[in-house]
Amino acid sequence: MLPQKPQILAVMMATLLSLGSLSLMPLDVYASHSYEAGVQGDNIPDNTHIDLSQLTLPSTGAFPLYDSSPNFVSGHFLYRAPCETESKEPLVSVIAGHIDEVENLTHVDFVPLYYVGHASTAGSCVYHAHLPDPLEGGSPRITDVDLVNYSPDPVKFNAGDAVDINIQRSLGNIGEYYAGDEKLPLELTRNNPVIDLNEEHDAEDANVQQTLNNLIPLNADDVNLPFELTNGNNQIFNLNEEHDNDNDNDDEDEEDEDE
């Protein structure tokens, strides 16, 4: 029996709406998080939080974190992990791109990491990253995010180490985008580029993000770092208590009545 006409129209409408919901990243590129695609319309961000504190990763060991195949996505990445004391490079690298069943469609690269020194502790560094990062490089289309230990020794994560991935938008189908541009995980060398936006650099030595960051005026009076919060605790509100919500305007109301 053939489907009724209203059912056919409903299927066509659903297909058109799903295609229309795919949106591209904005063309304007600025420092900080302003070029992350962000949530649009009724889209609900997909958040993945992984506790790494019990993990020991052997040499050349890989730990998959996220896979959105066949959709390539955009979002924000938070990583707390053991790091080198001087260079602040992570002992376990973060790679992203597309890992396909077909080898010549696979392309991954190191994710540029932004070091957050004022939230890091001894032995573990905190990093932020943009997925993807149009300024600092890495894979331009991402379906997969993974941890890989490229060091010759096992790496044991510390208490409190974790990954948090916030995917804000699905941008389309990866298809055969990386055909002819194969880059396999174990072919990568070196490590994640680490950027510290709080370091001072000469203009000729600064990267793109640091250069743009220097153009943004900073009001030092508004800076509150995590480890500088020593006074008091969280404010507690009880919405069941009675309060005079118009208290700020009482004097103005009285003046209006006198006039």
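The values are calculated or read from the model by the stated rules, or taken from the named source; none is laboratory data. The structure presented is a predicted model; accordingly, all values stated were derived computationally and were not measured. Every residue, glycine among them, receives a Cβ derived from its backbone with ideal geometry; neighbour counts consider all protein chains shown.
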Every residue in region 121-148 that is part of a loop (DSSP other than H, G, I, E, B) and either of a type in the set (A, V, I, L, M) or without any contact (Cβ under 8 Å) to a residue 40 or more places away in the chain (or both), please. 122, 135, 140
Take the residues in region 161-181 that are over 22 Å from the mean Cα position of the chain (by Cα) and exposed (fewer than 15 other Cβ atoms within 10 Å of the Cβ), then tell me which one is nearest to residue 151 (Cα to Cα). 181
Test set (1) assigned to a helix (DSSP H, G or I); (2) more than 25 Å from residue 54 (Cα to Cα) - residue 118 fails condition number: (2)
Of the conditions (1) closer than 19 Å to residue 81 by Cβ; (2) modelled with pLDDT of 95 or more; (3) out of contact with any Leu (no Cβ under 8 Å at 6 or more places or on another chain), residue 181 satisfies every one except a single condition; which number is it? (1)
